[in-house]
Amino acid sequence: MRLPVYLYGHPVLRKITAPVTPDYEGFKELIDNMFSTMYDSEGVGLAAPQIGLGHSIVVIDADPVKDSFPECAGRRLVLVNPEIEVLDGEAVSREEGCLSLPGLSEKVSRVENIRMRWLDENFEEHDEVFTGFLSRIIQHECDHLQGKLYIDHISMIRKQLIKSKLNNIIAGKVRCDYPVKYAPKKR
Ligand code: NI
């Protein structure tokens, strides 16, 4: 089932998520729904806050960008309670977008190399080093679990320049090809 994507301005996107335990009710169905929602909106990743849930869950399918970024080939991941450790290496600046910020993209500087420990959909432990664009996708999605968005990483000047666009998203004045949920109106 396809779920609406919560847009910028919704308070759920700013909350720090809670860890998930194996007794989570309807977990498998939730993961299926997250993948459907992500595929239908043509994203390569989706974090639980983006469907209004305050839990540490991310789905990623980076395969669609494999032609530009070979490290993404065949990488379909379910991340439960992921923990990221930054490894040595340079920061790289690249364009990012987000399903919760339709119509926007900005250059974001991120470290290249990370190590991540996480649980998969069967609650089995994983520990792997990631690099390149796959590392970027993971960092972007895991930011969501900390209530962070990619625009938190851009300069004040850039943020000022896109302010009217951000306000339009908050005000619900934005067109979207996928079902969305706007921020609650302020009274
Ligand atoms: Ni995002």
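The values are calculated or read from the model by the stated rules, or taken from the named source; none is laboratory data. Everything numeric here is computed off the predicted structure, so don't read it as measured data. A quick note on method: Cβ atoms are made from the backbone with ideal geometry, for glycine too, and the neighbour counts reach across all protein chains shown. Surface areas here come from the heavy atoms of the whole protein model, side chains and all, with no ligands, DNA or RNA. Shrake-Rupley method; radii C 1.70, N 1.55, O 1.52, S 1.80 Å.
Quick look at the numbers
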| item | result |
| --- | --- |
| Residue within the range 88-95 that is open to solvent by less than 50 Å² (accessible area, probe 1.4 Å) and free of Cβ contacts under 8 Å to residues at least 60 places away in the same chain present | yes |
| Inter-residue pairs, beta-carbon under 8 Å, first without any contact (Cβ under 8 Å) to a residue 12 or more places away in the chain and in the range 10-30, second assigned to a helix (DSSP H, G or I) and open to solvent by 20 Å² or more (accessible area, probe 1.4 Å), 6+ apart | none |
| Residues located in the range 103-135, provided they are within 16 Å of the ligand (Cβ to nearest atom) and open to solvent by less than 40 Å² (accessible area, probe 1.4 Å) | LEU104, GLU106, VAL108, ARG110, PHE133, LEU134, SER135 |
| Criterion: within 16 Å of the ligand (Cβ to nearest atom) and loosely packed, with under 14 Cβ neighbours inside 10 Å - qualifying residue of ILE51, ILE16 | ILE16 |
| Hits in the range 34-48 - residues which are away from the ligand (no atom under 14 Å from the Cβ) and farther than 23 Å from GLU83 by Cα | SER36, TYR39, ASP40 |
| Close pairs (6 angstrom Cβ cut-off, 6 or more residues apart or separate chains): surrounded by 16 or more Cβ atoms within 10 Å (Cβ to Cβ) in the range 154-176, polar (S, T, N, Q) anywhere | VAL174/ASN168 |
| Single residue of SER100, SER68 found to be more than 16 Å from the ligand (Cβ to nearest atom) and either among the polar types (S, T, N, Q) or buried (at least 18 other Cβ atoms within 10 Å of the Cβ) (or both) | SER68 |
| Single match in VAL59, VAL78 (criterion: in contact (Cβ under 8 Å) with a residue 24 or more places away in the chain, open to solvent by less than 10 Å² (accessible area, probe 1.4 Å) and more than 15 Å from the ligand (Cβ to nearest atom)) | VAL78 |
| Residue in the range 120-141 that is over 17 Å from GLY45 (Cβ atoms) and aliphatic (A, V, I, L, M) present | yes |
